[in-house]
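Report on one structure; see the data block that follows.
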Amino acid sequence: MWIFLNDQFVKKEHARISVFDHGFLYGDGVYETLRIYQGRVFLLERHLARLRRSCDLIGLILPIQDEAWEAIITEMLIRNELEDASFRITISRGEGELGIDPGLCPRPTIVVMARSVVTYPAHMREQGVRVQLVSVRRNPESAQSPQIKSLSFLNNILAKQEALQAGAFDALMLNMDGHVTECTTSNIFFVANHRLYTPSVACGILEGITREVVIALARELKIDVEEGAYSPVDVLQADECFMTNTGLEVMAVSKIGEDSIGQGRCGNITMTLWKAFQENLERWLGPVITRPQ
């Protein structure tokens, strides 16, 4: 595996960062995950805009200009012989002396990695997955903005750990007011009376890019969409439920804990939206990435 580290490509076994890197020491940094379909990037501009936003929110200067990313992604795909891939861009504050002052780090550390896409079997999409309503609450916006895709991921890790211990696929997290927010790496939707509901940004969620696409698709399909504050009971009493992110796309949730949602499998609206996502992919994919001549 080849990895892009700072300004060069290196083999996995040679990809090393300093123990004084503030990303390692303090979780000081941000990241972004992208999806490549047959050599074409899914909504690259939106992902880069969100990466810039994360950097701006923590006062970190993104050292790579937007126009340079395509060459990096192209070389990464070619070197790793990938067409369908998941990309992870990590920008840490960089190497510096001990201490949490960001000024201790003269320049950021940049790491870009790619791997083959994890595929989910058809029966999993049809049957749905089980999530666990966990005790770990989502960080309040007043403590850390959810719009920062931060390297300090311990809040989500603790929630995931609790869910895995309960035998669930993922965790469903509440905010400090007891309203539903999101899963550890995905947004949550539910369907009631043929209407689609999802927690609003004001609840303390990350505004997912796939979430935006699904909302747009639902409205094109004349499905009413409401963003608001909802209790766990609202979700438990729903007819359908599903989660969205770059890797999962649209994944049905059939159970929360031991309680089935609706019929306990992927519902009609969930499947309709996933199929619409697949059928409309062309709209959101960039040009095929090829090595310059």
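Each value in this text was obtained by applying a stated rule to the coordinates, not by laboratory testing. The structure presented is a predicted model; accordingly, all values stated were derived computationally and were not measured. FYI the Cβ positions are ideal-geometry reconstructions off the backbone, even for glycines, and counts take in every protein chain you see.
Could you go through the range 226-237 in sequence order and give the Karplus-derived ³J(HN,Hα) for each residue, using 6.51 cos²θ - 1.76 cosθ + 1.60 with θ = phi - 60°, rounded to whole Hz, and x for Gly and Pro?
Result, rounded to whole Hz: 10, 10, x, 10, 10, 8, x, 4, 4, 6, 4, 8.
Suppose we keep just the DSSP beta bridges with both residues in the chain; what percent of those would be antiparallel, to 5?
Taking every DSSP beta bridge within the chain, about 80 percent pair in antiparallel fashion.
Rounded, prolate or oblate, given the Cα gyration tensor of the range 11-142, with a/c below 1.5 counting as rounded?
Because a/c hits 1.5 or more and a/b fails to exceed b/c, the range 11-142 counts as oblate.
Given 0.36 nm per residue, what is the gain on full extension from Arg46 to Ser142 after removing their alpha carbon distance, in nm?
32.0 nm
In whole Hz, with x marking every Gly and Pro, tabulate ³J(HN,Hα) for the range 204-220 from phi via Karplus 6.51 cos²θ - 1.76 cosθ + 1.60, θ = phi - 60°.
Result, ordered by residue: x, 9, 7, 7, x, 6, 5, 4, 4, 5, 5, 4, 5, 5, 4, 5, 5 Hz.
Given R₀ = 35 Å, FRET efficiency for Gln38-Ala15 by Cβ-Cβ distance, to 0.05?
About 0.85, to the nearest 0.05.
Using a Förster distance of 22 Å, how high is the FRET efficiency between Leu154 and Asp224, based on the Cβ-Cβ distance and rounded to 0.05?
Numbers: r = 37 Å, r/R0 = 1.69.
That gives a FRET efficiency of 0.05.
What percentage of all Cα-Cα pairs in the chain are separated by more than 33 Å? Write down the numbers at each step before the final one.
Numbers: 11019 of 42778 pairs.
Of all Cα-Cα distances in the chain, 26 percent exceed 33 Å.
Report the extension gain between Ala68 and Met124 in nm, rounded to one decimal, defined as 0.36 nm multiplied by the number of residues separating them, less their alpha carbon distance.
Computed gain between Ala68 and Met124 is 16.4 nm.
If you stretched the chain out fully between Asp234 and Val288, how much longer would it get, using 0.36 nm times the residue separation minus the C-alpha to C-alpha distance? Provide the component values of the computation, followed by the final result.
Working: separation 54, 0.36 × 54 = 19.44 nm, distance 4.27 nm.
Here the segment from Asp234 to Val288 would lengthen by 15.2 nm.
Where the centre of each part is set by its Cα atoms, how far does the range 6-81 sit from the range 207-246, in angstrom?
29 Å
Once phi is turned into θ = phi - 60°, what whole-Hz ³J(HN,Hα) does the Karplus curve with 6.51, -1.76 and 1.60 give for every residue of the range 149-166, x standing for Gly and Pro?
7, 8, 5, 7, 9, 4, 3, 6, 5, 5, 5, 4, 4, 5, 5, 5, 5, 8
Sum -39500 (n - 2.57) across every DSSP H segment of at least 4 residues in the chain, then divide by the residue count to get the 222 nm mean residue ellipticity, nearest 500.
Only helices count here, giving -8000 deg cm²/dmol.
For the range 183-293, what class follows from the C-alpha gyration tensor (a ≥ b ≥ c being the square roots of its eigenvalues): rounded when a/c is under 1.5, otherwise prolate if a/b is larger than b/c, else oblate?
Prolate is the answer for the range 183-293, as a/c is 1.5 or above and a/b outweighs b/c.
Taking H placed 1.01 Å from N in the peptide plane, check which residues at least 5 places from Asp84 or on another chain put their amide H under 5 Å from its amide H.
Gln38, Gly39
Going Cα to Cα from Lys11, which aspartates and glutamates come in below 14 Å? Please leave out same-chain ones fewer than 8 positions away.
Cross-link targets: Glu75, Glu81.
Quick check: net charge around Asn155, other residues with Cβ under 11 Å of its Cβ, Lys/Arg +1 and Asp/Glu -1?
+3
Specify the longest stretch of the chain that does not include any exposed loop site, a site being one of the trypsin sites (Lys or Arg not before Pro) with a non-H, G, I, E, B DSSP assignment and at most 12 other Cβ atoms within 10 Å.
Longest gap between qualifying sites, sites excluded: 17-221.
Only sites in a loop by DSSP and with at most 11 other Cβ atoms within 10 Å count here; which GluC sites (Glu not before Pro) in the range 228-293 make the cut?
Working: sites: Glu240, Glu249, Glu258, Glu279, Glu282; in loops: Glu258.
Qualifying residues, ordered by number: Glu258.
Between Thr184 and residues 5 or more places away or on another chain, which pairs have amide H atoms under 5 Å apart, with H built 1.01 Å from N, and which residues are they?
HN-HN under 5 Å from Thr184: Ala171.
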